[in-house]
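Inspection log for the structure reproduced underneath, given as C-alpha cells.
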Amino acid sequence: MKTPGDERILLRGNRFDVHQMELLGSDGKTYRREVIRHPGAVVLLPLIDQDTVVLIENQRPTVGETLLELPAGTREVGEAPAATASRELVEETGYQAGQLTLVHEFYSAPGISDELMYLYVARELTEGPHNREATEEIENRIATRAEIETWIAAGRIRDAKTLVGLYAFLHSPAVNG
C-alpha cells in the first residue's frame with residue numbers, strides 16, 4: 001500500500017482540505033480515493049450535575065435539519081484540544097467550565113476523513129453569554145438523563161459525536177465514577 005505522502009490536494013478549505021490518495025490494491029492496481037484532511041475537533045459533555053446535560057439545538061444546513069447535539073468545534077491550527085474545548089463551550093453555549101476532563105478520543109468518519117475528535121466532560125459550569133458565529137443558529141437545551149435515554153431510544157438524536165458522548169454519559173465509569 002502506498003503511503004499518505006502519495007497525495008495531491010484537490011481543494012483547500014477554511015476548515016479542512018480534500019486530498020486524493022493513491023492506494024495500491026492487493027490486485028496490483030492503483031486506486032484513487034478522496035479524503036478529508038482535518039485539524040481535529042472537540043465534543044463537550046457539559047454537566048450541570050450528574051444527571052443534567054447542556055445540549056444544543058443546532059440548525060445544520062448540510063442535512064436540512066435542526067439536530068439535537070452536544071456542543072463541539074474544530075481545532076485551530078496549533079491549538080491544544082483542551083483550549084479548543086474551553087473556547088467552543090463558551091462560544092456555543094455561554095457556559096464556562098471550572099473543570100475539563102478528557103474521556104475519549106475517536107475518529108469521526110475514518111473511511112473518508114482523518115478528523116480525530118476529543119470528548120471532554122465539562123463540570124463546575126458557570127452560565128454566561130455565548131459567542132456564536134454569525135452563521136450558527138443554536139439554542140441551548142437542558143436535558144435530564146431520563147430525557148436523553150428516551151430521545152436515543154426514539155431515534156431523535158442522530159448526530160454521531162453526540163451519540164458517542166451521550167453513551168459515555170449513560171454508561172461510562174470515566175464520566176460517572
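Exactly one residue among E133, E137, E124, E105 is touching a strand residue (DSSP E or B) at 6+ places or on another chain (Cβ under 9 Å), within 15 Å of L89 (Cβ to Cβ) and of a type outside the set (A, V, I, L, M), and that residue is E124.
Can you tell me which residue within segment 128-147, out of those that are at pLDDT 95 or above and among the charged types (D, E, K, R), is nearest to the chain's Cα centre (by Cα)?
If we take residues in segment 128-147 being at pLDDT 95 or above and among the charged types (D, E, K, R), then R141 is nearest to the chain's Cα centre (by Cα).
Report yes if E76 is assigned to a loop (DSSP other than H, G, I, E, B) and either modelled with pLDDT under 95 or out of contact with any helix residue (DSSP H, G or I) (no Cβ under 8 Å at 6 or more places or on another chain) (or both), otherwise no. In short, yes. A count restricted to segment 93-122 and to residues that are more than 16 Å from the chain's Cα centre (by Cα) and surrounded by 17 or more Cβ atoms within 10 Å (Cβ to Cβ) stands at 3.
The values are calculated or read from the model by the stated rules, or taken from the named source; none is laboratory data. The structure presented is a predicted model; accordingly, all values stated were derived computationally and were not measured. Cβ atoms come from the backbone with ideal geometry, glycine included; neighbour counts cover every protein chain shown.
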